[in-house]
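Worksheet: one structure, shown below.
The values are calculated or read from the model by the stated rules, or taken from the named source; none is laboratory data. Given the structure is predicted, the values throughout are model-derived calculations rather than measurements. Positions of Cβ are backbone-derived with ideal geometry, glycine not excepted, and every protein chain shown enters the neighbour counts. What goes into the accessible areas is simple: the full protein's heavy atoms, side chains included, and nothing from ligands, DNA or RNA. Shrake-Rupley method; radii C 1.70, N 1.55, O 1.52, S 1.80 Å.
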Amino acid sequence: MVRVQLRARGIVDERVLAAMGTVPRERFVPAASRDLAYADQALPIGDGQTISQPWMVAFMTQLLDPLAGGRVLEIGTGSGYQAAVLAAMGCDVLGIERLADLAETARDRLDSLGYRNQVEIRVADGGLGWPDEAPWSRIIVAAAAPAVPDALAAQLGDGGRLVIPVGGRWEQDLMLVERRGAALATTNHGPCVFVPLRGANGWPEARIGH
Ligand code: SAH
């Protein structure tokens with residue numbers, strides 16, 4: 001996976017490559033799809049949600065450029081795989097997941113892999129960020145938002161980086177928002193497809209199905 005899907009396709013951050021070579025992805029997928037754990041695709045994890053394709057996890061993590069020992073706010077923890085990759089890079093992660101059953105499973109996995117001290121998972125609407133512990137130097141969002149939520153931009157510290165898929169319900173662009181003082185610079189890093197962000201700054205459930 002690291003050689004064929006990541007390194008050969010432009011992932012150059014050795015810390016990302018090392019972390020993804022370390023974290024056992026098969027522990028983050030349902031037992032029935034374990035033989036596809038390292039396949040070049042997203043996989044269902046229950047509740048209509050997915051674990052992102054390995055390349056997308058690597059690309060987002062590289063774009064986030066997390067600092068070892070730094071804190072990361074992760075929104076949409078899902079399986080916990082992205083959180084584990086960040087922990088393997090030496091980060092402390094606060095993960096926000098709105099579905100309690102996914103959060104609990106992710107917590108158990110991360111605990112059993114020895115990341116208990118580095119990853120905390122809370123059940124809440126992550127589209128609101130976590131203002132009590134702001135500013136955040138790194139924020140990563142694994143669900144698609146209609147626009148960059150003001151709450152997240154506001155909680156980004158000086159020099160901070162926010163990585164988030166933004167766009168329509170079925171296709172988005174991966175955006176990087178960087179804060180320099182009061183100014184925000186936003187750059188587009190290409191097309192992507194994510195499950196929708198729900199909640200106050202996401203997509204309403206009733207209008208668009210599941
Ligand atoms: N990073 C995950 C990907 C999970 S998919 C992984 O590696 O497995 C996106 C997740 O975002 C889903 O679990 C979904 O329940 C969650 N989500 C959607 N809207 C949310 C919100 N407003 N707050 C927190 N989590 C949300």
Item to check | DSSP beta bridges in region 2-207 [antiparallel fraction, %, rounded to 5] | outcome: 50
Checklist entry - Over region 144-202, what relative contact order in percent results from Cα pairs under 8 Å that are six or more residues apart? => result 35
Checklist entry - Which cross-chain or sequence-distant (5 or more) residues have an amide H under 5 Å from the amide H of Arg198, H modelled 1.01 Å from N in plane? => result Trp203
Item to check | Solvent-accessible area per residue, Å², over region 2-207 with all protein chains present [probe radius 1.4 Å] | outcome: 43
Checklist outcome for this item: Residues other than Asn201 with Cβ under 11 Å of its Cβ, Lys/Arg counted +1 and Asp/Glu -1, net out at -1
Checklist outcome for this item: Looks like the chain, by Cα gyration tensor root eigenvalues a ≥ b ≥ c and the a/c under 1.5 rounded cutoff (else prolate when a/b is bigger than b/c, oblate otherwise), is rounded
Next on the checklist: Apply the Karplus curve 6.51 cos²θ - 1.76 cosθ + 1.60, θ = phi - 60°, to the phi angles in region 163-172 and return the couplings in whole Hz, x for Gly and Pro.
Outcome noted: 10, 7, x, 10, x, x, 5, 10, 9, 9
Next on the checklist: Within 12 Å, Cβ to Cβ, of Leu43, how many net charges do the neighbouring residues add up to if Lys/Arg are +1 and Asp/Glu are -1?
Outcome noted: -1
Item to check | Exposure of Asp92 as accessible area (Å², to 10), given a probe of 1.4 Å and all protein chains | outcome: 60
Checklist outcome for this item: Sequence order, region 33-45: Karplus ³J(HN,Hα) from phi using 6.51 cos²θ - 1.76 cosθ + 1.60, θ = phi - 60°, Hz rounded, Gly and Pro as x, gives 10, 4, 6, 9, 4, 9, 6, 7, 7, 6, 9, x, 10
Item to check | For Val119, residues with placed amide H under 5 Å, excluding near neighbours | outcome: Val93
Checklist outcome for this item: From highest to lowest solvent-accessible area (probe 1.4 Å; ligands, DNA and RNA excluded), Trp203, Trp136 read Trp203, Trp136
Checklist entry - Hey, any idea what % of region 2-207's accessible area is carbon plus sulfur with a 1.4 Å probe? => result 54
